[in-house]
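Before any comments, here is the structure.
The values are calculated or read from the model by the stated rules, or taken from the named source; none is laboratory data. Just so we're clear, the structure is a prediction, and the values are computed from it rather than from any experiment. Cβ placement follows ideal geometry from the backbone for every residue including glycine, while neighbour counts extend to all protein chains displayed.
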Ligand SMILES: *[C@@H]1O[C@H](CO)[C@@H](O)[C@H](O)[C@H]1NC(C)=O
């Protein structure tokens, strides 16, 4: 009474339903595993050590007259000891890890700049230990001024799943301050 095509169709429809249910369960497992992970609760939050942070402000333009205003750029060095291994579970493909400088200026309340990033593709690379790591990207502001501002530095990471939703996580913020500009190292001083 059922021909081959009808049977094949029924089998295929059943397969698609099961596969879809598996995908949904897998997608849901990621957030649940992270939410209930005892390893994550036991692991110290990945904070950037305040003692290891070094912020310098340099200037571009007006190199010849040090008293003239010019565009300020911030360089940041930091130490990091972050154990992100607990964020790897069976549905974790990779972690996108990045350091974010946030600061407030009189004109703009919220400024955030990614100064360093890194991709972790396996659990045995997920313990990050960096010493005097130099930022890959400079800090700058639309008003060209950084000296005197206070800000924070924190680690953020996205948990990228094989199937499902990307989850964004962040560590505690470390206070930083932008100092007065250091003299340009290659200044030409008029004798
Ligand atoms: C930055 O922090 C220092 C020390 O806490 C404080 O004296 C200063 O007023 C702050 N600067 C700004 C712009 O908030």
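Quick notes on this one:
- Residues that are farther than 22 Å from residue 58 by Cα, out of contact with any helix residue (DSSP H, G or I) (no Cβ under 7 Å at 6 or more places or on another chain) and free of Cβ contacts under 8 Å to residues at least 12 places away in the same chain do occur in the stretch 144-166.
- Cβ-Cβ under 6 Å pairs, at least 6 apart or on other chains, the stretch 90-114 side closer than 26 Å to residue 77 by Cβ and free of Cβ contacts under 8 Å to residues at least 24 places away in the same chain, far side within 16 Å of the ligand (Cβ to nearest atom) and not in a loop (DSSP other than H, G, I, E, B): 112/102
- Selection within the stretch 174-191: residues that are part of a loop (DSSP other than H, G, I, E, B) and either surrounded by 16 or more Cβ atoms within 10 Å (Cβ to Cβ) or at pLDDT 95 or above (or both). The member of this set that is nearest to the ligand (Cβ to nearest atom) is 178.
- Counted residues, the stretch 136-172 - those being at pLDDT 90 or above and within 14 Å of the ligand (Cβ to nearest atom): 7
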